[in-house]
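The values are calculated or read from the model by the stated rules, or taken from the named source; none is laboratory data. The structure presented is a predicted model; accordingly, all values stated were derived computationally and were not measured. Backbone-built Cβ (ideal geometry, glycine too); neighbour counts: all protein chains shown.
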Amino acid sequence: MKVVDCKGLTCPKPVILTKKAVEDPDFDEIEVIVDNQASRENVKKFLQSANVDFNMEEKDGLYHFYAKKKGEIKKVDEPVVCSISNISVDQGLTYIISSDKLGTGDDKLGAMLMKSFIYSLTEITEKPGTVIFLNSGVKLTTEGSDVLDSLKKLEELGTEILSCGTCLDFYGLKEKLVVGSVTNMYTIVEKMNATKTIKI
């Protein structure tokens, strides 16, 4: 039996990994392990939507889902939306931030507006699945940025933070990345094609 070990992962990652395993053509039986209630509820909701037979057991603070194919798997096409209390992370929504300042005009004001914008992302109920930083926007995810705390919180809540590797190299910041991971243009284009994209 294939084991999908999601210990230590925050929602929506356990749902995404479970979805991938269930939609595998070779799927017959899997065990999914999660360690928090938000992931438990959202994995349960996904398995029900996908018409998968399962039972769940709690052992030593871990939740074990034993899922078995019982007929035709119902493909869940809508974006994975992970509910965490009153918070949801929409995997079908991507933000692209291409500057370390928001708007044009005064740079000091632009920096203040960007700081306020990033903070607001942590406060809204429905958060984007991914935020991609391009060009001078990568300065926001690296050492010295004054929005690092907000970005770390956003990442903890389930939003994927990606910074353009070419941009980090250009500004000499690749070794100073603090939040998220490095990505490339191919992945960025894939994200833009697959999700609703909002450019900042």
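Could you tell me whether any residue of region 51-59 is closer than 21 Å to Gly129 by Cα, buried (at least 20 other Cβ atoms within 10 Å of the Cβ) and aliphatic (A, V, I, L, M)?
Taking region 51-59 first, the residues closer than 21 Å to Gly129 by Cα are none.
Within region 51-59 (the criterion being closer than 21 Å to Gly129 by Cα, buried (at least 20 other Cβ atoms within 10 Å of the Cβ) and aliphatic (A, V, I, L, M)), the answer is no, since none of the residues qualifies.
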Tell me yes or no: at least one residue of region 82-96 is surrounded by 14 or more Cβ atoms within 10 Å (Cβ to Cβ) and not in a strand (DSSP E or B). no
In region 108-125, anything loosely packed, with under 12 Cβ neighbours inside 10 Å, within 24 Å of Glu156 (Cβ to Cβ) and among the charged types (D, E, K, R) is listed as Glu123
Taking first residues from region 104-123 that are without any contact (Cβ under 8 Å) to a residue 40 or more places away in the chain and closer than 22 Å to Glu160 by Cα and second residues anywhere that are outside any helix (DSSP H, G or I) and of a type in the set (Lys, Arg), the pairs with Cβ under 6 Å that are 6 or more apart or on different chains are Met114/Lys101
The condition from (1) closer than 30 Å to Tyr171 by Cα; (2) modelled with pLDDT of 85 or more that Phe65 misses is numbered (1)
Note: among Ser136, Ser181, Ser150, just one is assigned by TED's automatic domain parsing to the domain that holds Ser99, within 26 Å of Ala38 (Cβ to Cβ) and surrounded by 15 or more Cβ atoms within 10 Å (Cβ to Cβ), namely Ser150
Just to be sure, is Leu109 over 26 Å from Gly8 (Cβ atoms) and part of a helix (DSSP H, G or I)?
yes
Apart from one, (1) assigned to a loop (DSSP other than H, G, I, E, B); (2) free of Cβ contacts under 8 Å to residues at least 12 places away in the same chain; (3) under 23 Å from Val89 (Cα atoms) all hold for Asp24; the odd one out is (3)
Of those in region 3-19 that are over 21 Å from Ile161 (Cβ atoms) and basic (Lys, Arg), the residue surrounded by the most Cβ atoms within 10 Å (Cβ to Cβ) is Lys19
Tell me, yes or no, whether region 46-53 has at least one residue that is over 26 Å from Leu154 (Cα atoms), among the polar types (S, T, N, Q), over 15 Å from the mean Cα position of the chain (by Cα) and part of a strand (DSSP E or B).
no
**OP:** Determine, yes or no, whether Asp90 is at pLDDT below 90, closer than 30 Å to Ile198 by Cα and either touching a strand residue (DSSP E or B) at 6+ places or on another chain (Cβ under 6 Å) or not β-branched (Val, Ile, Thr) (or both).
**Re:** yes
